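Visitor: Have a look at this one.
The values are calculated or read from the model by the stated rules, or taken from the named source; none is laboratory data. As the structure is a computational prediction, the values presented were derived from the model and not from experiment. We place every Cβ from the backbone using ideal geometry, glycine too, and count neighbours over all the protein chains shown.
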Amino acid sequence: MVGGVDFGMAFSAHATMGKSVRNAARYLGSLPKAAACSSWAIANAKNLAVFGKVSPGAGDSALVSGWRTNGGIDNNVSVDCSTPSIVIVSAKTPYDILVLPGAHTITLSTQHEEQLIGD
C-alpha cells in the first residue's frame with residue numbers, strides 16, 4: 001500500500017516538474033531573441049519553474065517539496081542557450097522514497113526544448 005502511494009506521489013512530483021519546466025521554456029521562447037538568454041530572463045524562468053511565478057515572495061514554497069533553483073548538481077534548474085534559436089530548460093530534484101525515508105533518494109529529472117520565436 002505504501003509503495004503504491006509512494007509511486008503516485010513521485011509520479012505527481014515528476015508531472016509537476018515537467019509542466020513547470022515546459023512553462024519556463026515557453027516563457028523564454030516568447031521573449032525577443034536578444035533578451036531570452038539574458039541573466040534576468042534566465043532567473044525569471046528558473047523562478048517560474050520552481051515557484052510558478054517569476055517573482056516569488058519570501059513565504060512562497062516550491063511546487064515540488066525541496067526543489068531549488070540552484071541547489072546543487074541534483075537539485076536545480078538549468079537553461080541552455082548554446083543552440084541558435086532554441087532554448088533548453090532542464091531540471092532535477094531529489095525525491096525521498098517513503099518506504100525507507102532518508103535511506104533512499106532518487107533524482108527526478110525533466111527537460112523541455114522550445115524554439116525562440118520572439119523578435
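Visitor: Only one of these is under 30 Å from Gly3 (Cβ atoms) and either of a type in the set (Gly, Ala, Ser) or surrounded by 16 or more Cβ atoms within 10 Å (Cβ to Cβ) (or both): Ala62, Ala58. Name it.
Guide: The conditions single out Ala62.
Visitor: From (1) more than 19 Å from Phe11 (Cα to Cα); (2) modelled with pLDDT of 90 or more; (3) not in a strand (DSSP E or B), pick out the condition that doesn't hold for Leu63.
Guide: Looking at each condition in turn, Leu63 falls short on (1).
Visitor: Sticking with this one: Any residue that is surrounded by fewer than 14 Cβ atoms within 10 Å (Cβ to Cβ), part of a loop (DSSP other than H, G, I, E, B) and at pLDDT below 90 - is there at least one of those in segment 87-99?
Guide: Yes; the residues of segment 87-99 include at least one that is surrounded by fewer than 14 Cβ atoms within 10 Å (Cβ to Cβ), part of a loop (DSSP other than H, G, I, E, B) and at pLDDT below 90.
Visitor: What is the residue count in segment 7-34 for residues that are crowded, with 18+ Cβ neighbours inside 10 Å, aliphatic (A, V, I, L, M) and closer than 25 Å to Ile97 by Cα?
Guide: 3
Visitor: Since Ser55 meets every condition but one in (1) at pLDDT below 95; (2) among the hydroxyl-bearing types (Ser, Thr, Tyr); (3) under 13 Å from Thr93 (Cα atoms), which condition does it not meet?
Guide: Here Ser55 meets the rest and fails (3).
Visitor: Name the helices (runs of 4 or more DSSP H) wholly inside segment 1-57 in which the number of residues that are among the basic types (Lys, Arg) is 2 or more.
Guide: 2-30
Visitor: Of the residues in segment 1-34, how many are without any contact (Cβ under 8 Å) to a residue 24 or more places away in the chain and among the polar types (S, T, N, Q)?
Guide: The number of residues fulfilling the criteria is 1.
Visitor: For segment 56-95, which positions are at positive phi and touching a residue at least 12 places away in the same chain (Cβ under 8 Å)?
Guide: Residues satisfying the conditions are Gly66, Ser85.
Visitor: On the given criteria, is Ile106 part of a strand (DSSP E or B), in contact with a strand residue (DSSP E or B) (Cβ under 8 Å, 6 or more places away or on another chain) and not basic (Lys, Arg)?
Guide: Yes: the conditions hold for Ile106.
Visitor: Looking only at segment 1-41, which residues are within 12 Å of the chain's Cα centre (by Cα) and among the aliphatic types (A, V, I, L, M)?
Guide: Ala13, Ala15, Met17, Val21, Ala24, Ala25, listed by residue number.
Visitor: Do the conditions hold for Lys53, that is, is it buried (at least 16 other Cβ atoms within 10 Å of the Cβ), closer than 17 Å to Arg22 by Cβ and basic (Lys, Arg)?
Guide: No.
Visitor: Filter segment 35-46 down to the residues that are surrounded by fewer than 19 Cβ atoms within 10 Å (Cβ to Cβ) and either among the small types (Gly, Ala, Ser) or in contact (Cβ under 8 Å) with a residue 12 or more places away in the chain (or both) and list them by number.
Guide: Residues satisfying the conditions are Ala35, Cys37, Ser38, Ser39, Ala43, Asn44.
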